[in-house]
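Laboratory data are not the source of any read-out in this text; all were calculated from the coordinates shown. Note that the coordinates shown come from a computational prediction; the quantities given were computed from them, not determined experimentally. Here the Cβ positions follow ideal geometry from the backbone for every residue, glycine too, while neighbour counts run over all protein chains shown.
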Amino acid sequence: MSGSTSSISKQQEFGLKDAGVKGEMWISRVTLPATEENDVLQFTMRVIDGLKEGEETFTRPELMSVSAEWTGYRAGVSANEPEPPVSEAAKYKSLVAETSTPVTILYFHGGAYYLMDPSSHRPTCAKLAEITGGRVLSLRYRLAPQHPFPAALLDALVAYLYLLYPPPGSFHEAVKPEHIVFAGDSAGGNLAIALLHLLLSAHQRSSAPPTVTFNGQKRQLPIPAGTATNSPWFDVGRSMPSLHSNARYDYLPPPKMPTSSLSTGDSPLPDPTNPHPCPLWPASPPRADLYVDGPSLCHPLVSPLAFPQSAWAGAPPMYVCVGEEMLSDEIRVVSQRCARAGVNITWDGFEAMPHCFAMMLQHIPASKRCFEGWGGWIRRLVVDGPAGVHTSGKWILAKARGEETVDVENLSPLQDAEVDEIMHEAMRTRNRIFEEYRRSAKL
């Protein structure tokens, strides 16, 4: 989803630079150790396989240790206050001392699944911690193209289990599921919803609560309190009409999907994030997409836009923030399906605002309103319970600085059958172009 003219390798390297810690935030770095048993991986693959339509293929990941950052708000310091020279455990203790609610956010950063890091999202997580009065565990999940789907999803499940059932030596005590909210922006919003559906699908397919063996003990997999996403990326295949119609409001480049990569002279692989070959891309073996094998672009845990309305039944409360951005159609369709399925969903749309605007344009009124809505919703959900939030939709006006009520059950004119056909046609086109390239390059 990047418009950069640099290679995937250089883009990723730039996005992983750590500018350090300063100002109004506590950061405590932790490692989530891999378990000796393989049951978490087996569970993940069973759910993925159970949702297949037929021809999807996946690169089976290994279960590995993953790192994360506990993030909290640090009051009473200047914007340039350095990180104190104390242990990570001491930082965590200070972080917890400044919390006032039981809110625990499991946060997944954005970056199209191949960019960014918890270090790039520290200001966002610290702001959410301040507004909610809680703490944030920001996960350093594995990135594509080195680690394609479902590596990031597996890491996300390990992080959730780590919160629920901390292994010996962890800084935190066990967190109740009703105190945990999955949150994320862009690709991180995709991952938050994919993790929710990994759990929800297992619950829907079993008469008893699903379990996995984690660190030597059989553990239940409860549903969290809710999900709260900002400009979530629900269609990895990038197929919806708003990718072109809303491009004037956004900084993301619209996708280019020529009828033939060979006849147009476009990039050798049909992926807008691939302007230049480099050590990371094309992958080995080559595939049609950075994040996933080409035939799997419409798997619902890859692109949650593929989940039908019925799959959302029983989902916990949701918050969604969206600009007038290129991802608008997919976000509207998913939100509409949730509302029609009876999910308690709060939808905040912002006129003329681009993708993830609140994180990039932090000082404009719309961004302040976005963070207040996002963090305030999380706080109410955890502190007051589901009764503290309710289904609602608002369209926040840019110039008038007012807002209009919208019907969340009727956000999009796109019909389900139309959405399904558009998604699958885009996938077929991408895979056809990739096969042309693969044959011509004799890969």
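Points worth noting:
- Three-way shape label, segment 94-228, alpha-carbon gyration tensor, a/c 1.5: oblate
- 3J(HN,Hα) from dihedral phi, segment 402-410, Karplus parametrisation 6.51/-1.76/1.60, rounded to Hz, x for glycine, proline: x, 8, 10, 7, 10, 8, 5, 7, 9
- Extension gain for the segment residue 211 to residue 417, taken as residue separation times 0.36 nm less the Cα-Cα distance, is 70.7 nm to one decimal.
- When the Cα positions of 331, 139, 349 are compared along the charge dipole of the chain, 139 comes out farthest toward the positive end, with charges on each C-beta of Lys, Arg, Asp and Glu.
- Of 315, 161, 79, farthest towards positive along the dipole that unit charges on Lys, Arg, Asp, Glu beta carbons give the chain: 79
- Prolate/oblate/rounded call for segment 4-151, Cα gyration tensor, a/c under 1.5 rounded: prolate
- Share, in percent, of DSSP beta bridges within the chain that are antiparallel, nearest 5: 40 percent
- Packing order of peptides 110-119, 150-159, highest average first: 150-159, 110-119 (average count of other Cβ atoms within 10 Å over each peptide's residues).
- At most 11 other Cβ within 10 Å, DSSP loop - trypsin sites (Lys or Arg not before Pro), segment 14-50: 17
- The H on the amide N of residue 214, modeled in the peptide plane, is under 5 Å from the matching H of 219, each at least 5 residues off or on a different chain.
- Computed over neighbours whose Cβ is under 15 Å from that of residue 78, the net charge equals -1, Lys and Arg +1, Asp and Glu -1.
- FRET efficiency estimate (nearest 0.05) - Cβ-Cβ, residue 18 to residue 363, R0 25 angstrom: 0.60
- Extension gain from residue 46 to residue 387, taking 0.36 nm per residue of separation minus the Cα-Cα distance: 119.4 nm
- Cα-based shape type of segment 314-384, given that a ≥ b ≥ c are square roots of the gyration tensor eigenvalues and the cut on a/c is 1.5: oblate
- If the segment from residue 218 to residue 395 were pulled out straight at 0.36 nm per residue, it would be longer than the present Cα-Cα gap by 59.2 nm.
- The chain - mean residue ellipticity at 222 nm from DSSP helices (-39,500 (n - 2.57) per run, n ≥ 4, rounded to 500): -10000 deg cm²/dmol
- The trypsin sites (Lys or Arg not before Pro) of segment 129-163 include none that DSSP puts in a loop with a beta carbon having at most 12 other beta carbons within 10 Å.
- Distant-in-sequence amide contacts of residue 350, defined by a placed amide H-H separation under 5 Å and a gap of 5 or more residues or a different chain, comprise 322, 323, 324, 396.
- Cβ-Cβ FRET estimate between residue 352 and residue 101, R0 fixed at 35 Å, reported to 0.05: 0.55
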